[in-house]
Amino acid sequence: MSKNVLILSSSPRREGNSDLLCEQFKMGAQEAGHQAEKIVLKDKKINYCTGCGSCFNGKTCPQKDDMADMLEKMITADVIMMATPVYFYTMCAQMKTLIDRTCSRYSEIRNKEFYFILTAAVNNKQALERTVEEFRGFTSCLNGAKEKGIIYGTGAWHIGDIKKSDAMMNAFEMGKNV
């Protein structure tokens, strides 16, 4: 059965290491017959949550940016793959901003399969666990969320370093096995 796969690439660098892994994941998912769409967050206008409370009172978010469309895509997806470069042992601001802005409709993002891609200069996979826990903090708020896999792209400091890593093949295979 074909699945609707949404790939959220938060790298602020076009063809950065985490973005390259997103492409591999997408190619694998498409090869397996799934619909796969990659969205590069740097190309979207997503404002910070202002904490205005409108969404807590049953109103829609008053901000006029690309987040309403992003939420719709997240709600309709079967699979959500979230990718971030790791800066100072945490997810990048683009991903955190997206997560914070799901507040108005997060209860509708339910019964999804989640995959995570993390890239970092460090070679120590355990050093990225803090970032994994941030993703888990988000998905623990979603009904029926299932974590299905994580790609650790370690040892990738400069653009393209990840191409020398097994993470490239792992991302393709993980996408293929969605």
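Rule-based calculations on the coordinates, nothing more; no lab input. Note that the structure is predicted; figures quoted are calculated from it, not measured. We place every Cβ from the backbone using ideal geometry, glycine too, and count neighbours over all the protein chains shown.
Quick look at the numbers
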{"quantity": "Label point distance in nm, N111-K64, each placed 7 Å from Cα along Cα→Cβ", "calculated": "3.6 nm"}
{"quantity": "Extreme residue, positive dipole direction of the stretch 4-176, given options S10, T97, L128 (C-beta unit charges)", "calculated": "T97"}
{"quantity": "For the chain, calculated [θ]222 nm from helices alone, where every DSSP H run of n ≥ 4 adds -39500 (n - 2.57)", "calculated": "-9500 deg cm²/dmol"}
{"quantity": "Euclidean distance between Cα centres, the stretch 9-72 to the stretch 100-178, Å", "calculated": "14 Å"}
{"quantity": "For the stretch 98-103, Karplus couplings with θ = phi - 60° (6.51, -1.76, 1.60), whole Hz, Gly/Pro x", "calculated": "4, 4, 4, 7, 6, 3"}
{"quantity": "Amide H contacts of G149 (H built 1.01 Å from N, under 5 Å, at least 5 apart or other chain)", "calculated": "F116"}
{"quantity": "Neighbour-count order for M74, M91, fewest beta carbons within 10 angstrom listed first", "calculated": "M74, M91"}
{"quantity": "Given K42/K176; K96/K125; K96/K148; K146/K176; K125/K148, the pairs whose alpha carbons are separated by over 24 Å", "calculated": "K42/K176"}
{"quantity": "Cα gyration tensor shape for the stretch 53-125, rounded if a/c is under 1.5, else prolate or oblate", "calculated": "prolate"}
{"quantity": "Other-chain or far-sequence residues with amide H under 5 Å of I7's (modelled H)", "calculated": "E37, K38, I39, M81"}
{"quantity": "Footprinting exposure proxy for Y48, Y106 (fewest neighbouring C-beta atoms within 10 Å first)", "calculated": "Y48, Y106"}
{"quantity": "Phi to ³J(HN,Hα) by Karplus 6.51 cos²θ - 1.76 cosθ + 1.60 over the stretch 140-155, Hz, x for Gly, Pro", "calculated": "5, 8, 9, 5, x, 5, 10, 6, 10, x, 9, 10, 9, x, 8, x"}
{"quantity": "Simple Cβ-charge dipole of the chain, Lys/Arg +1 and Asp/Glu -1, about Cα centre, in debye nearest 20", "calculated": "240 debye"}
{"quantity": "Table column - 3J(HN,Hα) (Hz), the stretch 82-87, Karplus curve with 6.51, -1.76, 1.60, x for Gly and Pro", "calculated": "10, 10, 9, x, 9, 10"}
{"quantity": "Shape category assigned to the chain from the gyration tensor of Cα positions, a/c cut at 1.5", "calculated": "prolate"}
{"quantity": "GNM top mover of G58, G144, G33 - the chain, alpha-carbon springs below 10 Å", "calculated": "G58"}
